[in-house]
Amino acid sequence: DLPQAIDNLTDLISKIESFTLERDVLLPNFDIPNEFLNLDDKSDNGTRGENSYLKYLTYEGASKRYVEITDEIKERIDFELNVIENSGYPGYFLIVQDFIKKAREMDVAVGPGRGSAAGSVVAYCTGITNVDPLKYDLLFERFLNPERISLPDIDIDFDDEGRGRVIDWVVQKYGKQNVAQIITYGSMAAKSSIRDTARVLDLPLFQADRLAKLVPDMTSLNKIFSWDQKKLKENIKNDQISNAKELISLSKGDDLIAETINLARDLEGNLRNIGTHACGVIVTPKPLMNLIPMTRAKDSTLMVTQFDNSVVEDVGLLKMDFLGLRNLTIIKD
């Protein structure tokens, strides 16, 4: 009896645009010397030359790192290069070795290697790490496994005074529109949700403090109120069990204190504030504004992604960790 309703609905459905956030990893454009550009068969229809250039740099570095390139060393290098080629990430290694080389030229102290990346001979030969994995029997498979291809993750330590200069150089090389920091979302924890609720409800400050101090360490309001007596004893320190019981008892009243506790339970876990990831930097081949939602943060001169750390890699963005260590500054001084 209402044909126009069907027409309107059909019209609305036809305007719905379906999309997925997932995409292949977007590596920044790395300039390959002309003589390597047409040497690859598998990289971008034989035009990029990333595999050949990485192989060249690796063997150049190996001749400086090792007195003699034995069959064992050559076998390990070729195996790693083959895995890197099949995974499609030679460009990643080229980008990382490039800014680490530049950092050393700028007299920024660079760490010797952190985590599973120290197991890669290619990383060692290209100057990304300074630990010989063959000498210490370190496994490459912990870093990049041919059975489970995932984007390699190299965390790089710089002295905390020079870290900013390295990021500035990356911004200058790849373009300010193509480089961003990552947002972090702070959520309301048990004690802060009580204090915030108390402030809005005009509960006196001394009472808000007393309530917040009743919350046992390292737990949440929702857990405290859902646990039975046995669970409380198993999960909370003995000297704090009475505090938890008092909090539960106070919540059953009909005064402002009870209202504060119960509203705080509802608010707990909600987003409270945003910040900037301490070391994560995103670098892309095209302006980030065309790829994902962006924002500004008061503690960052760069743009900031609206996707946090758990999402940016899923949408195909290359995340690099530029860690600033005061230890390196002290050693350097």
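The values are calculated or read from the model by the stated rules, or taken from the named source; none is laboratory data. Because the structure is a prediction, the values reported are computed rather than measured. Neighbour counts are summed over all protein chains in view; Cβ atoms, including those assigned to glycine, are modelled from backbone coordinates with ideal geometry. Protein only, heavy atoms only, side chains kept; ligands, DNA and RNA dropped before computing areas. Shrake-Rupley method; radii C 1.70, N 1.55, O 1.52, S 1.80 Å.
Please report the accessible area of residue 184 (heavy atoms, 1.4 Å probe, ligands and nucleic acids excluded) in Å², nearest 10. Spelled out: residue 184, probe radius 1.4 Å, area about 50 Å². Look at (i) 93, 41, 36; (ii) 79, 71, 39; (iii) 58, 52, 35: the one that is Cα extents along the principal axes in Å derived from this structure is (ii). Accessible-area rank, largest first, for 179, 25: 25, 179, with all protein chains present and a 1.4 angstrom probe. Of 135/332; 101/176; 64/319; 74/101; 176/298; 101/332, which ones are farther than 19 Å apart at the Cα? Exceeds cut-off: 135/332; 101/176; 64/319; 74/101. For the chain, take the longest principal axis of its alpha carbons; what is the angle in degrees between that and the long axis of helix 90-105, to the nearest 10 within 0 to 90? Between the helix axis and the principal axis of the chain, the angle is about 90 degrees.
What's the angle, to the nearest 10 degrees (0 to 90), between helix 238-251's Cα axis and the longest principal axis of the chain? That helix lies at roughly 60 degrees to the long axis. The distance separating the Cα centre of the stretch 60-105 from that of the stretch 138-197 comes to 23 Å.
Helix 3-14 and the longest principal axis of the C-alpha atoms of the chain enclose an angle of approximately 50°. The listed residues 250, 318, once ranked by accessible area (1.4 Å probe) with the largest placed first, stand as 250, 318. Going by accessible surface with a 1.4 Å probe and the largest first, 59, 185 read 185, 59. Mean separation of Cα pairs under 8 Å and 6 or more residues apart, divided by the residue count, gives the chain a relative contact order of 22 percent. May I ask you to list the residues of the stretch 130-151 whose amide nitrogen lies under 19 Å from a point 7 Å from Cα along the Cα→beta-carbon direction of residue 75? Answer for the stretch 130-151: 133-142, 146.
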